Amino acid sequence: MIYKIFWIIRAIIYKLFFKKIGFPSYIGKPTFLYKASKISIGKKVRIFPHSRMEVHGDSSFIQIEDDVGIGQNFHVISGGELTISSGTIIAPNVFINNLDNDYRTIGCNVLEQNELYKKTVIGNNCFIGYGAVIQSGSILGEQCIVGANSVVKGCFPDFCVIVGSPAKIVKKYNSELNKWEKYN
């Protein structure tokens, strides 16, 4: 438990470099940061060790809202708008991205081609399972559940369970019956 005190102290020091860090948030080490001045972290955010957060591009940002829990080995890359909304829990080894490389020019290294940016949003109170990949341009509604090792691309409505590679909706919450139901 004492290690978390050091993580809080680290977050206070990081306030000098980040766009914003709310209190009490904590960040485990080691953490790799690229353009931390474009990363906003809300109140009561818990980021476990071995995270990597990168922002590429002048108008790009990462916004992590209040009360978010992020497991170890988290990797996020933003080349545009990337938001992780309040109350979301992210299991270990998750990758979230809103930056793609164009690949259409034959005979040219992919990394030398244009970068493509798409807004990516994780809604309120979502759960992202172990090893999941959230690809560029994905929008998850409120309280979506993403299964372990799923590869998510696209827009998904509120209150659904998403699994697989490529990820598909397998359950949705029926508010009239107050229960989760299989989705065809």
Mind ordering 79-90, 171-182, 59-70 by average Cβ neighbours within 10 Å, highest first?
79-90, 59-70, 171-182
As a check on your grasp of the helix formula, calculate [θ] at 222 nm for the chain: sum -39500 (n - 2.57) over DSSP H runs of n ≥ 4, divide by the residue count, round to the nearest 500.
-2000 deg cm²/dmol
Tell me whether the chain comes out rounded, prolate or oblate; compute the Cα gyration tensor, take square roots of the eigenvalues as a ≥ b ≥ c, and use a/c under 1.5 as the rounded threshold.
oblate
Mark the label point 7 Å from the Cα of SER165 along Cα→Cβ and return the residues of region 103-141 whose backbone N is within less than 18 Å of it.
128-136
Fully extended contour minus Cα-Cα distance, from ASN174 to PHE6, at 0.36 nm per residue:
56.1 nm
Under 20 Å Cα-Cα from LYS20, which aspartates and glutamates qualify once same-chain neighbours fewer than 8 residues away are excluded?
GLU54, ASP58, GLU65, ASP66, ASP67, GLU81
Near TYR183, within a Cβ-to-Cβ distance under 11 Å, what is the net charge of the other residues, with Lys and Arg +1 and Asp and Glu -1?
+3
Which cross-chain or sequence-distant (5 or more) residues have an amide H under 5 Å from the amide H of SER165, H modelled 1.01 Å from N in plane?
VAL151
By the scheme Lys and Arg +1, Asp and Glu -1, what is the net charge of all other residues having a beta-carbon under 11 Å from that of VAL68?
0
Below 19 Å, Cα to Cα, which lysines can LYS171 reach? Residues fewer than 8 away in the same chain don't count.
LYS153, LYS179, LYS182
If I model a spin label as a point 7 Å beyond the Cα along the Cα-Cβ vector, how far apart are those points for ALA148 and LYS43 in nm?
3.5 nm
Residues with beta-carbon under 11 Å from that of PHE48, excluding PHE48: net charge, scoring Lys, Arg +1 and Asp, Glu -1?
+3
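No lab work stands behind these numbers, since they all come straight from the coordinates. Keep in mind that what you see is a predicted model, and the values were worked out from it rather than measured. Positions of Cβ are generated from backbone atoms using ideal geometry, with glycine treated the same way; all protein chains shown enter the neighbour counts.
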